[in-house]
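Novice: Here's a structure for you.
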Amino acid sequence: MSDKKEKKRSKSETERIGVFICDCGSNIAGHLDCAEVTRYASTLPGVAYAKENLYTCSEAGIGEIINGIKDNDLTRVVVASCSPRTHQPLFSSSCAQAGLNPYLFEMANIRDQCSWVHMGDREGGTEKAKDLVRMAVAKAAFLEPQQEIEADLTPRALVIGGGVAGLSAVETLSEMGLDVVLVEKAPELGGFLNRIDRLFSGRKASEFAKSLVDNVVSKSNVKIYLNAQVETVGGYIGNYEIGVRDADGAVANEVVGCIALATGALPLVPEGLFGYDGKKVISQAELEDRFRNGTFDAERVVMIQCVGARSKEREYCSRICCQNAVKNAQFIKQQNPDAHVHVLYRDMQMYGTEKEKMLWDARGIGVRFDVYDPEKPPEVKDGEVRFLQVLTGDTESIPYDLLVLSTPLVAREDAPEISKLLRVPIDQNNFFMEAHAKLRPLDFATDGIFVCGSARYPANVEEARSQGLGVASRIGTILFKDKLVTSAIVAEINADTCVGCLGCVEMCPYDAIQFMPEKGVCEVNRILCKGCGCCASTCPSQSATLRGYKPQQLLSQIKAVC
């Protein structure tokens with residue numbers, strides 16, 4: 001055996017590694033022999049303590065980790081349980097509570113990667129769990145203590161968009177005591193709320209909009225730009241440098257710590273669909289205009305759902321169209337009980353108990369609902385809507401004074417430009433994409449930038465307001481700290497071996513690496529770096545490495561499983 005291999009073995013054996021195997025109730029123990037995995041872990045080189053827990057993430061389980069570190073003088077910790085994405089921060093912080101550097105912690109995912117995918121093979125799954133634990137222990141022996149990265153931050157926020165979501169975020173942030181910069185593209189605040197007549201509760205939308213706007217305008221710590229747009233964005237979380245072009249063409253420079261994107265969406269104008277003319281055939285948004293202006297006078301109203309949505313051009317469901325149609329149908333019947341209101345739909349998207357009750361209440365006051373076949377959509381001709389009644393197989397004709405088309409909300413035309421400006425992603429429909437639908441529904445993958453309201457996906461007023469409040473809370477968790485603290489798992493470049501080929505600069509998705517001409521080498525901005533490892537995996541001179549995932553650490557895992 002070479003001296004190099006002897007050195008690595010000695011390293012492993014000199015560490016005192018603790019291994020904690022989680023049953024996760026029946027999620028893991030129901031499909032694996034966790035007692036056998038624990039017994040096996042205790043025989044691995046360097047393992048000084050092995051313990052099986054019912055729920056390692058419980059208060060008792062965390063106590064076991066803390067006590068295990070203190071009582072057994074552990075220098076490394078391995079937890080074999082569920083997803084690191086959800087639980088690694090909890091377990092690493094438990095190590096810190098016991099006085100162990102939190103970066104001397106490794107995790108093996110024996111739930112998602114083992115018990116859940118090998119439910120029918122208990123013996124084989126148990127053997128794979130042993131492999132995963134052995135690999136984690138091998139890597140843990142070579143982990144290095146790290147110090148989290150600290151930087152100054154500016155306790156000030158930028159909100160782009162002055163609709164319900166944006167105003168809700170501004171209102172909450174200002175009341176939390178933070179300075180806020182609000183940039184609105186339109187000449188007035190309120191967004192699409194200004195075009196709505198009534199909310200689902202029956203309250204006039206104009207009253208709600210006025211209360212929101214007045215409250216925001218009255219705040220002394222809110223700076224408002226109207227007829228303006230964000231033109232440049234530089235910097236990073238804690239210190240974003242923003243250029244705002246106002247109505248006069250002048251550019252003002254602002255420095256903020258976080259950014260909230262609340263640019264909203266617009267209703268599709270149904271040009272060329274069902275005889276749309278803006279007079280006798282209109283959209284739901286134009287119906288709201290007539291309600292507000294007092295110009296609605298129709299006696300026979302037909303509404304067609306999913307116009308321009310759930311099609312080849314736009315495959316998505318806009319979610320809130322059905323709610324708006326039912327709300328407006330109810331209002332028509334409440335104002336004129338003798339009016340005939342007929343809704344033709346594919347599926348009714350009335351999620352939530354309150355919205356479901358709205359649907360039944362509408363039926364109760366005489367609004368008629370009929371399903372149409374999307375393969376044979378309704379036909380509009382000579383003041384009538386003809387459609388195939390799918391239950392009876394008959395073709396029915398409904399005369400109308402007014403035909404209302406329910407169209408989806410669509411992303412704004414400038415969404416791709418904003419996406420590039422902020423370096424945040426959009427989906428195939430140009431709505432902005434959150435970091436994770438369940439774990440981080442209001443965050444972008446880019447730290448310090450958040451999304452809310454219909455910029456993310458069609459949302460009703462209640463949802464937009466809730467998301468605005470949520471974004472304000474997320475921003476508060478960052479800006480109320482004295483220092484910006486970020487993970488130490490970032491890339492680093494060895495200046496002695498870097499040849500300045502710029503390969504890492506081209507590969508970095510976060511613009512976290514810059515070439516320094518005076519030095520002839522590349523350097524990493526540790527605040528911008530997200531630890532993705534793209535640079536380390538492509539650097540031809542192996543000058544770029546990723547902390548916590550260095551070649552020696554990864555090779556030790558590979559050798560452990562071979």
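The values are calculated or read from the model by the stated rules, or taken from the named source; none is laboratory data. Values in this document were obtained by computation on a predicted structure and should not be read as measured data. Because the Cβ atoms are built from the backbone with ideal geometry, glycine has one as well, and the counts that use them run over all protein chains shown.
Novice: I'm told Thr86 meets every condition in (1) within 28 Å of His31 (Cα to Cα); (2) in contact with a strand residue (DSSP E or B) (Cβ under 9 Å, 6 or more places away or on another chain); (3) β-branched (Val, Ile, Thr) except one. Can you identify the failing condition by its number?
Specialist: Going through (1) within 28 Å of His31 (Cα to Cα); (2) in contact with a strand residue (DSSP E or B) (Cβ under 9 Å, 6 or more places away or on another chain); (3) β-branched (Val, Ile, Thr) one by one, Thr86 breaks only (2).
Novice: Could you list, in sequence order, all residues of the range 194-210 that are of a type in the set (D, E, K, R) and closer than 18 Å to Glu184 by Cα?
Specialist: Result: Arg195, Lys210.
Novice: Just name the residue that is nearest to the chain's Cα centre (by Cα) out of those in the range 318-344 that are closer than 19 Å to Gly308 by Cα and among the β-branched types (Val, Ile, Thr).
Specialist: Per the stated criteria, the residue is Ile320.
Novice: Go through the range 7-84 and tell me which strands (runs of 3 or more DSSP E), entirely inside it, have 2 or more residues that are surrounded by fewer than 18 Cβ atoms within 10 Å (Cβ to Cβ).
Specialist: On the way: elements: 17-22, 47-53, 76-81.
Hits in the range 7-84: none.
Novice: State yes or no: is Val217 outside the structural domain of Pro378 (by TED's automatic domain parsing), modelled with pLDDT of 95 or more and either touching a Lys or Arg at 6+ places or on another chain (Cβ under 7 Å) or crowded, with 19+ Cβ neighbours inside 10 Å (or both)? I'd like the intermediate steps shown before the answer.
Specialist: Numbers: outside the structural domain of Pro378 (by TED's automatic domain parsing): yes; modelled with pLDDT of 95 or more: yes; either touching a Lys or Arg at 6+ places or on another chain (Cβ under 7 Å) or crowded, with 19+ Cβ neighbours inside 10 Å (or both): no.
Taking the combined requirement at face value, the residue does not satisfy it.
Novice: Still on this model: Strands (runs of 3 or more DSSP E) wholly in the range 284-385 with at least 1 residues that are modelled with pLDDT of 95 or more and aromatic (Phe, Trp, Tyr) - which ones? It would help to see each step written out before you state the result.
Specialist: Working: elements: 300-304, 340-345, 368-371, 379-381.
Passing ranges, in order: 340-345, 368-371.
Novice: Mind listing just one residue for me: the one in the range 380-431 that is under 30 Å from Ala445 (Cα atoms) and among the basic types (Lys, Arg) and, of those, surrounded by the most Cβ atoms within 10 Å (Cβ to Cβ)? Explain how you work it out, then say what you get.
Specialist: Looking only at the range 380-431, we keep the residues that are under 30 Å from Ala445 (Cα atoms), and these are 408-431.
This time we only want the ones that are among the basic types (Lys, Arg), so: 412, 420, 423.
Numbers: Arg412: 19, Lys420: 11, Arg423: 15.
Step by step, filter the range 380-431, then rank; the result is Arg412.
Novice: Name the single residue that is farthest from His340 (Cα to Cα) among those in the range 351-379 being exposed (fewer than 13 other Cβ atoms within 10 Å of the Cβ) and among the aromatic types (Phe, Trp, Tyr).
Specialist: If we take residues in the range 351-379 being exposed (fewer than 13 other Cβ atoms within 10 Å of the Cβ) and among the aromatic types (Phe, Trp, Tyr), then Tyr351 is farthest from His340 (Cα to Cα).
Novice: While we're looking at this one, here's another question. If you check Val385, Val390, Val371, Val380, which single one turns out to be β-branched (Val, Ile, Thr) and within 17 Å of Cys322 (Cα to Cα)? Talk me through it step by step, then tell me what you get.
Specialist: Details: Val385 fails: within 17 Å of Cys322 (Cα to Cα); Val390 fails: within 17 Å of Cys322 (Cα to Cα); Val380 fails: within 17 Å of Cys322 (Cα to Cα).
Criteria check complete, one pass: Val371.
Novice: Considering only residues that are in contact (Cβ under 8 Å) with a residue 40 or more places away in the chain, over 20 Å from the mean Cα position of the chain (by Cα) and assigned to a loop (DSSP other than H, G, I, E, B), which ones fall in the range 393-413?
Specialist: First, pick out the residues of the range 393-413 that are in contact (Cβ under 8 Å) with a residue 40 or more places away in the chain: 398-412.
Subsequent filtering for residues that are over 20 Å from the mean Cα position of the chain (by Cα) retains 398-408.
Result: Tyr400, Asp401, Ser406, Thr407, Pro408.
Novice: Out of Asp443, Asp427, I need the residue that is in contact with a helix residue (DSSP H, G or I) (Cβ under 7 Å, 6 or more places away or on another chain) and not assigned by TED's automatic domain parsing to the domain that holds Tyr345. Which one?
Specialist: Values: Asp427 fails: in contact with a helix residue (DSSP H, G or I) (Cβ under 7 Å, 6 or more places away or on another chain).
Just one listed residue meets the conditions, Asp443.
Novice: Another question about this same structure. Given the condition crowded, with 22+ Cβ neighbours inside 10 Å and either in contact with a His (Cβ under 8 Å, 6 or more places away or on another chain) or not in a loop (DSSP other than H, G, I, E, B) (or both), answer yes or no: does some residue in the range 243-258 qualify? Lay out the reasoning, then the answer.
Specialist: Our first condition is that a residue be crowded, with 22+ Cβ neighbours inside 10 Å; within the range 243-258, this holds for 256-258.
From what's left, either in contact with a His (Cβ under 8 Å, 6 or more places away or on another chain) or not in a loop (DSSP other than H, G, I, E, B) (or both): 256, 258.
Within the range 243-258 (the criterion being crowded, with 22+ Cβ neighbours inside 10 Å and either in contact with a His (Cβ under 8 Å, 6 or more places away or on another chain) or not in a loop (DSSP other than H, G, I, E, B) (or both)), the answer is yes, since at least one residue qualifies.
Novice: For Met119, are the conditions met, namely being in the same structural domain as Leu100 (by TED's automatic domain parsing), farther than 14 Å from His31 by Cα and not small (Gly, Ala, Ser)? Please lay out each step first, then the result.
Specialist: Values: in the same structural domain as Leu100 (by TED's automatic domain parsing): yes; farther than 14 Å from His31 by Cα: no; not small (Gly, Ala, Ser): yes.
Answer is no for this residue.
Novice: Okay, next question. Collect the residues in the range 235-249 that are under 22 Å from the mean Cα position of the chain (by Cα) and not aliphatic (A, V, I, L, M), keeping them in residue-number order.
Specialist: Step one: of the range 235-249, the residues under 22 Å from the mean Cα position of the chain (by Cα) are 235-240.
Answer for the range 235-249, where residues must be under 22 Å from the mean Cα position of the chain (by Cα) and not aliphatic (A, V, I, L, M): Gly235, Tyr236, Gly238, Asn239, Tyr240.
Novice: Okay, moving on. Residue under question is Glu434, and the condition is that it be without any contact (Cβ under 8 Å) to a residue 24 or more places away in the chain, surrounded by 19 or more Cβ atoms within 10 Å (Cβ to Cβ) and part of a loop (DSSP other than H, G, I, E, B); does it hold?
Specialist: Numbers: without any contact (Cβ under 8 Å) to a residue 24 or more places away in the chain: yes; surrounded by 19 or more Cβ atoms within 10 Å (Cβ to Cβ): yes; part of a loop (DSSP other than H, G, I, E, B): yes.
Answer is yes for this residue.
Novice: Could I ask something else about it? Of the conditions (1) within 26 Å of Ser26 (Cβ to Cβ); (2) at pLDDT 95 or above, Leu74 clears all except one; give me its number.
Specialist: Unmet condition: (1).
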